[in-house]
1. Being of a type in the set (A, V, I, L, M), modelled with pLDDT of 85 or more and more than 54 Å from the chain's Cα centre (by Cα): is that true of ILE754 here?
2. Give LYS585, LYS570, LYS596 a once-over and let me know the one that is closer than 30 Å to VAL844 by Cβ, within 45 Å of the chain's Cα centre (by Cα) and crowded, with 17+ Cβ neighbours inside 10 Å.
3. With the requirement that a residue be crowded, with 24+ Cβ neighbours inside 10 Å and either at pLDDT below 90 or farther than 15 Å from ARG851 by Cα (or both), what does region 898-920 give you?
4. Which of the residues belonging to region 55-76 are free of Cβ contacts under 8 Å to residues at least 40 places away in the same chain and in a loop (DSSP other than H, G, I, E, B)?
5. Spot the failing condition for GLU20; the list is (1) at pLDDT 85 or above; (2) assigned to a loop (DSSP other than H, G, I, E, B); (3) open to solvent by 50 Å² or more (accessible area, probe 1.4 Å), and only one is missed.
6. How many residues does region 729-745 hold that are open to solvent by less than 60 Å² (accessible area, probe 1.4 Å) and at pLDDT 85 or above?
7. Kindly provide the set of residues from region 808-836 that are aliphatic (A, V, I, L, M), under 18 Å from ALA852 (Cβ atoms) and part of a loop (DSSP other than H, G, I, E, B), ordered by number.
8. Would you please name the residue that is modelled with the highest pLDDT, looking only at residues in region 666-691 that are open to solvent by 90 Å² or more (accessible area, probe 1.4 Å) and touching a helix residue (DSSP H, G or I) at 6+ places or on another chain (Cβ under 8 Å)?
Amino acid sequence: MYSLDTKQNIVDSGVVNNQEQKVPMVTNNMDKQLATALKQQEQTTKTLKGQELPKKEIEKGKENEYFAKYEQVAQNQLNIWYSKKNINADLQLKGSHFANAARKVYDKYGDLNYVVPVEIALAQAYLEGGVYRHERGSSGNIFHMGATDAGDNKTAKSIKTIEDGFDVYYLGMAKGWLGGKQTGNDIIKNNGMLRHDNKGVFASNPHYETHIKSEVGRMNRDFSLKGSVGKGGKNFLEDVKKVGSMLVKLGYLKKTEIEDVDKVSEAIQTFQDTELAPVTAEWYKKRIKIIEDAGKSHPSATKKSLEDIEIQRKGLTDGVVGKNGTTLNILYFLAEMGGTIPDLMSNQKYSNLKPETTTPNTNSQTITQNKRGIVQKGENIDKLSDKYGVSAQDLTNANKTKLKEKDGKSYFESGTKLNMPEILTSPPAKSRWGFSVGLPNGTYKEDMINFTEDVLVIQEKLYEIGLLSEADYQKEQPVKNIELEEVHLPPIINTPEIVDEKQVDPNTTTDIPKEEKKEQLYSYKTSEYERRMLLMYGKVPSFPKDKVTSKDIPKTIEAIKIFQLEVNRKGVDGRIDPDGSTLQKLMNSIKESVTKARQEYALEQKRKLEEERKRLQLEQERKKQEQQKQKDKEKTKIADDIWGELKKYGLEAFNYLFEGLGVTKQYEMLKALMKYFGFNNIDKKQTQKTDDRYVGEQISDSVGKKGKNVTKDVKIIQNKLIAINYLDNNEETIYVSSLKDTDIIPVKQLTKTIQAIEKFQDELIMLEEKAYISKDGTFSKGGSGYNVLNKISTLSINKIQTKSINAVMSPDDFISQFPALVKGTSGRGLYESEKTYAGKKNVVCCYDAARAMMKQKGGKLDIANAEAQASIQIMEQINGKNHYRNLEIGIKFIDDELNNGHPVFVGVDDGRTEMYNRDKTTEHFVVIMEKIVKENKVYYRYFDPAWTNSQGYHAENLFMIDGEKLLGDKRWGGVKNAKFTVAEIRIPIF
């Protein structure tokens, strides 16, 4: 996440030196003796490096208490993270994961100096993406141990479960980074993530320790700023004093300057340059060199890593302390926490540790909000209970008529619409934040969105990344209504059951019980509003009236739309949902990355506009040609029935022969023309006359605009083009047929033949300018263009096969475009080395995976550049409309390849009008591997690399011949209710 190689090993122990203790700036009247003492302390720290630390043991009998606190600290922080982002309950990390792994290390060494402090483990799990289960390499490797850009080592491959991932991390840190020689406080100093034996660094990114310290500070910080402080910040006096006081404690500011905005701003800049990104420090330079040296074999990936680090550096040294940002966190860690991590047993912070009161969001959906209220496949009653924040019993009571029974268990069928219960027998989850911000719609109504806490967070981030101006930020920022009371749900109470004394015999001597306690069940009647909130968010707002309307924040909504359109690029609805992609992308963005993304978007739009202009120009030229043909027809004044016959047999090009003739002469000319071409008894469907003798022959020399044009060769090319309907029998072919085979034909006598060659090169093969088949109107002897023409024209005289063709691939041959498959899935994931370029994101690697499947079956697409491959285009989008052609040739080609045991590489349109592939139509690539004929219908089965499970080779992945299209049910993505349509068939070499 943070470096080219997150576990970089260094053979030379002198490559990276341990960070030396920095002497604070002496800005107040600190005497020379103190400065000297600090230098001596620095020297002592250097001397102690590598020496054994005094053994640190837990007081006997308190081991269980210690690791119970360890677990609770972890669980409290996880609850906070998961309350802000929905993650499947069964995928969420648990505090016990951290505590169990820590306990194993302590039991092994009997020394806490070998145990990673829980805050550091949490910070690394968060930074490496493990909290949200973004594993690299094997499943469960949440700390990315042994997973590098160069591939996974044995350590990474050994991790099979989440428990394995934790054990490998904790033991690895114990052996390599702590080792009884460094404390947790040591390893998060600048350059502290150096192994204790100087033989490696955890992450080569020089900002890695900075980010860890920031997360530790964030976990412990108990306040926020009202606004930003520093250059261009809001600089509220209260905030300036808070920041200034911390800078004073660290020696970056005089106490008398604590309210001076300019002095505080200068001190912030100095603090950031010194503590957050000290680019002039020797260790910092060497960490950069690690990346440069390690990435010599992957220059593009190295360049990207260095660019990311530079973006981070700029963000870390922008001279501003954000409201809840990295600089504030580190200031707090160093100034208020003394740069040390609280001790679990001795620190007062943990003396009465209790579970975090914030209600964790245990919603277990991974689907988008518009699917809420609909039971998804695999969701049982318990999962639905977590998802909607109500008890399983209440959910069952509200949906009794929709429940099904099987094997004595109740369940809902996939697709069932759920009702939220009117009566709750246990309190629902409630929260002050975690709701949508932006524009309402039919699902997210105005009263369900734009609560103050959420709006403040989103506005602050939009302002920080430059999408919301200072003026608009100040104008639209909502003010918390402190007079509003929190919605209180009724408590669970016990009421006494009074015994009726009248029913007791007064003469009995038995003691009469006055009252007997009986538990009264919790009962709360929900409003229609609360049921809607539970359905959409799985919780209700604590302050439902503390909100604004969408009309109050028009500039905020405009900024959200800009971010969605130009940065996130996954749909624009003007709203940020708590489990949507917009929120995740927004919170991970900084101003520089947003600016770069918007620039790239602007360039992309400019390119698309230019392409559209060219398309419109081409369309206009085509219309002009059609209009000219109509004028030519009118000019010759051919009788309607004669014109109909010419069109019927594809002889319109001979209309000039009829010009100026009377009706009788026109009929005579038609009769002579028909006789010449042998159309006396022709079937109505036949449109061309092809001399099959020439179809399979080879040319002896080049033909076309730059060709030698020997007559026999020209005849061969003309007949091949006629066979695939790219050339008509016309006066030119008649002229060529009258010549001797050895005659040389002038280029000016082959105008229509050359036009047909150019059309074939441009339209059927669909190539770009850098293609390996030149679009020069010429076929060379043995050339690639001629070979393609020869293959296709030879197939054109075949009949379409009406029988099934056995599969040429098995599930074991399946390759997903993603690196890892779901457990139990056949096949494998895509290797980094199989990508067309290093660092390519897997989400756009369908081409690479399909090409890899072809390669392992012996096929290759001549060169890796997708722009330089031949293909048969059978669908093309022009101005948003679909145009179809060449289906018969395409089907014959597919059948021929399958009969020869070869899979077929095809591009498909998924209903969108994207233009990022070379034919401006294809959005995805799959591999056809079987032909199936059943019930008089023809199907082609395909493997889809977009999947990481058995859906990729599912038996229902089928295309069907549908008129002039090859159509298939689309099983993912793209436009709702759209289908896959085969757009192009790539021509490989086996």
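1. no
2. On the way: LYS570 fails: crowded, with 17+ Cβ neighbours inside 10 Å; LYS596 fails: crowded, with 17+ Cβ neighbours inside 10 Å.
After applying the criteria, what remains is LYS585.
3. The one that is crowded, with 24+ Cβ neighbours inside 10 Å and either at pLDDT below 90 or farther than 15 Å from ARG851 by Cα (or both): ASP909.
4. Passing the criteria: LYS60, GLY61.
5. (1)
6. Final tally of qualifying residues: 6.
7. VAL808, MET809, ALA820, LEU821, LEU830
8. Going through region 666-691, the residues open to solvent by 90 Å² or more (accessible area, probe 1.4 Å) turn out to be 667-668, 671, 675-676, 680-681, 683-685, 689.
If we keep only those that are touching a helix residue (DSSP H, G or I) at 6+ places or on another chain (Cβ under 8 Å) too, we end up with 667, 676, 680, 684, 689.
On the way: TYR667: 79, TYR676: 73, ASN680: 55, LYS684: 34, LYS689: 38.
If we take residues in region 666-691 being open to solvent by 90 Å² or more (accessible area, probe 1.4 Å) and touching a helix residue (DSSP H, G or I) at 6+ places or on another chain (Cβ under 8 Å), then TYR667 is modelled with the highest pLDDT.
The values are calculated or read from the model by the stated rules, or taken from the named source; none is laboratory data. As the structure is a computational prediction, the values presented were derived from the model and not from experiment. So basically every Cβ, Gly included, is an ideal-geometry build from the backbone, and we count neighbours across all protein chains shown. In case anyone asks, the SASA skips ligands and DNA or RNA and just uses the protein heavy atoms, side chains included. Shrake-Rupley method; radii C 1.70, N 1.55, O 1.52, S 1.80 Å.
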